[in-house]
Amino acid sequence: MPTVKLFASLRKFAGTKELSIIGATVGGVLLELTRQNPLLGTAILDGGNLRPHVVITLNGRNVIDLNDSVNEQDVIAIFPPIAGGQGE
């Protein structure tokens, strides 16, 4: 199973920093992840689409296509939007 690594607030929602999730594609893994943990689903997805500014990497490369295939050794990292900086 691919390994999913969660960062920042996503770790709090899941109660862990890493999970093994079944799926043949990045999108399939995300769907299973959010099925198992609906709180993560609301943080990552909006109406079935990736929320703006959520960054997903597959083995260190930014994912552009959620239909990218994954295998047992792959690592998917999910980064939520990070607010920062100073307002003016």
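Summary table
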quantity: Helical contribution to [θ] at 222 nm, DSSP H n ≥ 4, -39,500 (n - 2.57), averaged over the chain, rounded to 500; calculated: -7500 deg cm²/dmol
quantity: Reported label for calculated Cα extents along the principal axes in Å given (i) 48, 36, 21; (ii) 34, 32, 19; (iii) 46, 25, 24; calculated: (iii)
quantity: In the chain, trypsin sites (Lys or Arg not before Pro) in a DSSP loop with at most 15 other beta-carbon atoms within 10 Å; calculated: K17
quantity: C-alpha long axis of helix 26-36 to longest principal axis of the chain, angle in °; calculated: 80
quantity: E72 versus N59: modelled label distance in nm, points set 7 Å from Cα along the beta carbon direction; calculated: 1.6
quantity: Dipole axis of the chain (+1 Lys, Arg; -1 Asp, Glu on Cβ), positive-most option in A8, G23, V70; calculated: A8
quantity: Relative contact order computed over the chain (Cα-Cα under 8 Å; 6+ residues apart), in percent; calculated: 39
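Read-outs: derived from the displayed coordinates by stated rules, not from any lab. Source: prediction; values computed, not measured. FYI the Cβ positions are ideal-geometry reconstructions off the backbone, even for glycines, and counts take in every protein chain you see.
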